[in-house]
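Since every read-out is calculated from the coordinates, none of them should be taken as a lab result. Given the structure is predicted, the values throughout are model-derived calculations rather than measurements. When we count neighbours, we look across all protein chains shown, and the Cβ atoms used for this are built from the backbone with ideal geometry, even at glycine.
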Amino acid sequence: MDRRLERLERELMLVARCSVLTPRERKGQATDAQDPTARPTTQRDTGTPSGADSCTPIRLDRSGYLLLSRLDAEGAMTIGQLADALQLDVSTVNRQTGALLRAGLVERIPDPEGGLARKLRVTPRGADRMAAERTCRQTDLSRLLESWTPEDVARFEDVLTRFNREVERQEGRAWPRETDEAASAPE
């Protein structure tokens, strides 16, 4: 079991660095000056020239996509709530959400429940950018798994979901998901 855990730990580390799923800005690549959360798509990222197929030429960075996804799934949240949900330092989330605010992808709103802290919510522009990014990531993932059988993809999804739910259970921080019935519907 020790050798198996060593291999599993290494494979999880390699998933975390996967540029297909988590595009990163590389040294020397310019981003959109109006959007500090953006980065260009390059041939190295997807195997296709910038702007080809349905993917936009400007991609969201990993933190922007994660924050927008959480706000989209859960609704308006304070910076403190986001920091807790993502297990990050408040100053880190403040910096990351600042970039989203400057880009017009989120906005500050009064707490709908009347609390003192202002909350962040996704703007229509942010929802559009997140949807475009999700499409790019799904397209990239489809290319990556094109030689897999549908059964292998389903098995991988099941095991990965089980793993993530166990992590969330142990940490006491569940990620909002579709209901199990909707998530298990055939594709």
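Would you tally the net charge around Arg3, using a Cβ to Cβ cut-off of less than 14 Å, leaving Arg3 out, and scoring K and R as +1, D and E as -1? That sum, taken over residues with Cβ under 14 Å, equals -1.
Pro112 sits among other residues whose Cβ lies under 12 Å from its own Cβ, and their net charge, with Lys and Arg +1 and Asp and Glu -1, is +1.
All other residues whose Cβ lies under 9 angstrom from that of Leu86 are scored, Lys and Arg at +1 and Asp and Glu at -1, for a net of +1. Once C-alpha pairs closer than 8 Å and six or more residues apart are averaged by separation and normalised to the residue number of region 79-187, the relative contact order reads 14 percent. At the listed q of 0.16, 0.23 Å⁻¹, the Debye profile of region 55-175, built from one uniform point per Cα, gives log10 I(q)/I(0) equal to -0.89, -1.30.
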